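Novice: Questions regarding the structure given below will be posed in turn.
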Amino acid sequence: VKMEGRNGLRFFSQDMQEHSLRALEIASSLKQADMDREFHMVFQPQMSIADGRFVGAEALLRWVHPVWGNVSPGEFIPIAEQSGRILEIGTWVLRHVAHQMRQWRDAGLGDFSVAVNLSALQFVQTDMVKNIIETVARAGIPSRCIEVELTETVALNNPIAAGQAISALRNAGFLVSIDDFGTGYSSMSYLKRFAVDKLKIDQSFVRELGKDADDRAIVSAIVQMAHSLGMKTIAEGVETEQQLAILKEKACDEIQGYLYSKPLPADVFEQFLRDCRQQ
Ligand code: C2E
Ligand code: CA
Ligand code: CA
Ligand code: CA
């Protein structure tokens with residue numbers, strides 16, 4: 001920073017100020033947000049590579065601000081984590097998804113699992129597992145219908161508590177997967193410590209699969225390692241037939257991405273489910 005001289009420094013700090021002003025605005029809007037009005041979930045279908053069938057979905061949060069319109073979760077989730085609001089948001093998300101799943105099951109469409117993202121702060125709450133079990137039981141759906149996605153950083157802040165929470169969730173019948181696998185600093189030690197059901201291969205390894213031999217080697221290694229540890233793999237951000245063909249060759253189990261489907265609003269996703277059943 002020193003090397004940049006006075007102007008560079010001033011420019012940098014002005015940039016930071018604008019950045020944190022926006023963050024403050026988002027934080028205060030989040031505090032006031034009427035979640036039932038402004039939030040909704042979208043559902044992105046996941047496909048089995050072997051037979052091209054629908055196997056599950058990831059639930060992703062959407063925030064439509066009354067003035068700003070759509071605010072990306074990539075922007076507001078980290079801010080909600082800092083302010084602590086993520087705890088209420090996380091509770092809202094799980095309750096909402098469990099309730100939605102109940103409706104689909106009642107309609108005979110709910111024979112799959114839906115993944116929800118858990119934030120780091122949620123994960124270190126002592127009553128987290130109990131809350132998840134209760135919320136899902138109250139909605140009247142089996143725990144195997146809910147998959148919990150964790151990132152590597154979530155668990156590594158407090159590995160002992162995280163290990164216990166992961167086993168407790170799996171013992172209660174929930175599926176557990178590691179999100180953005182391969183992007184953290186200790187992916188391997190994570191695998192040694194925590195038994196999970198599935199690794200989600202991060203988009204950054206998938207994007208250039210067609211061009212980059214290193215990415216092909218990394219994906220192949222992740223899949224082989226996962227399989228020898230008894231885990232499944234799903235590749236994220238799959239957009240092309242070429243990527244799919246390579247993933248199939250590398251024996252990856254499932255894909256999620258625009259090639260199969262974008263994240264869909266609940267009513268469109270429901271129609272997707274009905275279309276699947278007719279095939
Ligand atoms: P993520 O969990 O890694 O979710 C995958 C992201 O990739 C989603 O972005 C999804 O829309 C996007 N995506 C899916 N297929 C493709 C594709 O083929 N190409 C490309 N380029 N992108 C694709 P989204 O919905 O904007 O979410 C961003 C992040 O926000 C998520 O990353 C997750 O970390 C966080 N997030 C979203 N919903 C929730 C939530 O309910 N709770 C928590 N704690 N975090 C959430
Ligand atoms: Ca995720
Ligand atoms: Ca991910
Ligand atoms: Ca991510």
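The values are calculated or read from the model by the stated rules, or taken from the named source; none is laboratory data. All figures in this text were calculated on a predicted structure; none of them were measured in a lab. Neighbour counts run over all protein chains shown; Cβ positions are idealised from the backbone, glycine included. Side chains are part of the model used for accessible areas, which takes the heavy atoms of the whole protein and leaves out ligands, DNA and RNA. Shrake-Rupley method; radii C 1.70, N 1.55, O 1.52, S 1.80 Å.
Novice: So which pairs qualify, if the first residue must be in the range 89-103 and without any contact (Cβ under 8 Å) to a residue 40 or more places away in the chain, the second must be away from ligand 4 (no atom under 16 Å from the Cβ), the Cβ gap must be under 7 Å, and the two must be at least 6 apart or on different chains?
Specialist: Note: pairs meeting the criteria are 102/139; 102/140; 102/141.
Novice: Based on this model, can you work out whether residue 74 counts as open to solvent by 50 Å² or more (accessible area, probe 1.4 Å), within 16 Å of ligand 2 (Cβ to nearest atom) and modelled with pLDDT of 95 or more?
Specialist: For residue 74, the condition - open to solvent by 50 Å² or more (accessible area, probe 1.4 Å), within 16 Å of ligand 2 (Cβ to nearest atom) and modelled with pLDDT of 95 or more - is met.
Novice: Could I ask something else about it? Is it true that residue 211 is among the basic types (Lys, Arg) and either under 27 Å from residue 97 (Cβ atoms) or open to solvent by 60 Å² or more (accessible area, probe 1.4 Å) (or both)?
Specialist: Yes, satisfied.
Novice: Could you list, in sequence order, all residues of the range 109-154 that are in contact (Cβ under 8 Å) with a residue 40 or more places away in the chain and open to solvent by 30 Å² or more (accessible area, probe 1.4 Å)?
Specialist: 117, 121, 131, 138
Novice: Something else: Filter the range 49-64 down to the residues that are farther than 17 Å from residue 268 by Cα, open to solvent by less than 20 Å² (accessible area, probe 1.4 Å) and not aliphatic (A, V, I, L, M) and list them by number.
Specialist: Across the range 49-64, the qualifying residue is only 63.
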